[in-house]
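Read the structure below first, then the notes.
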Amino acid sequence: MPPLIMQIFDNFLKPEEHEKLQSYMIAGPLPWILCKKAGDDDSMMNYQFIHPFFKQESQYHYDMTKSPHFDTITPILDNLNILALHRVKANLEPIKPERYYSDFHHDYRGGDGKPSKKMTTGIYYVNSNDGYTEFEDGKIVNSIANRMILFRSDRLHRGVSQLDAQVRCVINFNFFMGN
């Protein structure tokens, strides 16, 4: 059953696991793809780099794409109660001249076009900075390294960029929880 309210877990990974992951993602060999952020904003500030770790390719869940770097996130997956994984995507946002607010969005919509009440969204914060995740109800979760938040995927949220670090790096998880 997905969490009905937001759950926040600080020190989610062991310190040595987090440091290894952080180093691999920010200073290491992980390849990144330049892409537009979620929403309808076409401004020059609406961009980030992504790395798709895992994605279901069809509504029937037969086809999937898995990054050769998938094992990097195993320590996180081992700490989540996952019944079925839908998508895992890392976001790396470079510092910008002013704070950028992405559009509010859902990470996943079902075949009917509606956000899923059964799916869970998780955000793992790879590094600390003054950026944050904001929810439509005004709740803010600060970007603190080694923090994981879990919430129902039908909650609107958005990323807010940082002004105090070269990059803001998070990993987004969309999955169905086990019992």
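What the table below lists for this structure:
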item: Signed unit charges on C-beta, dipole axis of the chain, positive-most listed residue Gln166, Tyr124, Met45; result: Tyr124
item: Residue pairs, from the table Lys66/Lys118; Lys96/Lys117; Lys89/Lys139; Lys118/Lys139; Lys55/Lys117, whose Cα atoms sit over 28 Å apart; result: Lys96/Lys117
item: Pairwise label distance in nanometres, Leu156 with Asp130, each label 7 Å out on the Cα-Cβ vector; result: 2.7 nm
item: Gaussian network model of the chain, springs between alpha carbon atoms under 10 Å - residue of Gly131, Gly113, Gly122 with greatest fluctuation; result: Gly113
item: Sequence of Tyr125, Tyr100 once ranked by neighbouring C-beta atoms within 10 Å, starting from the fewest; result: Tyr100, Tyr125
item: Residues Val126, Val141, sorted so that the one with the fewest Cβ neighbours within 10 Å comes first; result: Val141, Val126
item: Cβ-based exposure ranking for Arg155, Arg109, in which fewest neighbours within 10 Å come first; result: Arg109, Arg155
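FYI, it's all coordinate maths here, none of it is from the lab. The structure presented is a predicted model; accordingly, all values stated were derived computationally and were not measured. Reconstructed Cβ throughout: ideal geometry from the backbone, glycine too, with neighbour counts over all protein chains shown.
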